[in-house]
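The values are calculated or read from the model by the stated rules, or taken from the named source; none is laboratory data. For clarity, every value in this text was computed on a predicted model and none was experimentally measured. Methodologically, a virtual Cβ is constructed for each residue, glycine included, from the backbone with ideal geometry; neighbour enumeration extends over all protein chains shown.
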Amino acid sequence: MAAEEVTLSSHIQHHLTNAKMCYTDAGFAFNKACSDSGIWAWHIDTLAWSIGLGLIFLWIFRSAAKKSTLGVPGKFQCFIEMVVEFVGDNVRDTFHGKSKLIAPLALTIFVWVFLMNLMDLIPVDFLPAFAGFVGETAFGMDSHDVYMKIVPTTDINLTAALALGVFLLMIGYSIKIKGIGGFIKELTLHPFSSNNTLVQILLIPFNLLLELIALVAKPFSLALRLFGNLYAGELIFILIGAVGLMQLPLHFIWAVFHILVIVLQAFVFMMLTIVYLSMASSDNH
């Protein structure tokens, strides 16, 4: 990067830019060539890190299951059992329906989101600089044109995809438990109701508007809460990284505090998912 381009603004912008791949009239293109591709650009760093961390989660828990014993458990098995028990207790206390899917789903969400959040503790210049080095030496690219964001949950596309999955499960559980008719009635006959049929018909548009807003707000809150907290934390790490070698002690201080955010946001996402699915599974009306 030219000397005049090395500014705090360009430093931040470089670290906040995803590695993109898109398809154009000339074939597949990457990064800056995808600036006009709109929503059809794939964030390949987000996809790679999220899928990779998901596979690590599966490998860790599969290894624990294969090595589990009925006798005195080892430290690794004990830790995994504590995590599973912790999630199971929260599911039993919060989810009031009957479903074999909820506990595995909650465990997957908690551990997977935690692992993705945990990437925020890696020094912000380490892996992106390594990617730039590989791009420059192996492919002859300008290292500053090689982008890599290693924290998938700082990408709104990833958090929105997770929230959309939960939203579809909410709709599915509502229809499964209440039927299509019951689901429609829930949207149109609440919260305002009347014994007078004509008045109730007049209230339907207001009920529908309020219920749709409440329904759509749930995935929005899931996606934006996780994204906002992790994005803000990453931005602070990027600002710390701008000071050069002195970033390591500062990074450590902020990382110690940020560990609480990482765990808390994974827990909140899991708990809200359980609560929303419990509400969708209830048949109180």
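Structural remarks
- Test: residue in segment 81-103 that is within 20 Å of the chain's Cα centre (by Cα), outside any loop (DSSP other than H, G, I, E, B), modelled with pLDDT of 90 or more and among the hydroxyl-bearing types (S, T, Y): no
- Top-ranked residue of segment 22-59 - restricted to ones that are assigned to a strand (DSSP E or B) and modelled with pLDDT of 85 or more, ranked as farthest from G233 (Cα to Cα): W42
- Unique residue being under 20 Å from T188 (Cα atoms) and either modelled with pLDDT of 90 or more or outside any helix (DSSP H, G or I) (or both) when the list is A280, A214, A223: A214
- Close pairs from segment 76-93: first polar (S, T, N, Q), partner loosely packed, with under 13 Cβ neighbours inside 10 Å, Cβ under 7 Å, at least 6 apart: Q77/K67
- Condition met for E136 (surrounded by 14 or more Cβ atoms within 10 Å (Cβ to Cβ), assigned to a helix (DSSP H, G or I) and modelled with pLDDT under 90): yes
Residue-by-condition table, conditions (1) of a type in the set (A, V, I, L, M, F, W, C); (2) farther than 22 Å from H14 by Cβ:
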residue	(1), (2)
A33	yes, no
W42	yes, no
A48	yes, no
R62	no, yes
G71	no, yes
F76	yes, yes
I80	yes, yes
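- Some residue of segment 120-129 being farther than 28 Å from I274 by Cα and among the small types (G, A, S): yes
- Just one of the listed residues (I80, I60, I56) is surrounded by 11 or more Cβ atoms within 10 Å (Cβ to Cβ), in contact with a Phe, Trp or Tyr (Cβ under 8 Å, 6 or more places away or on another chain) and not basic (K, R), namely I80.
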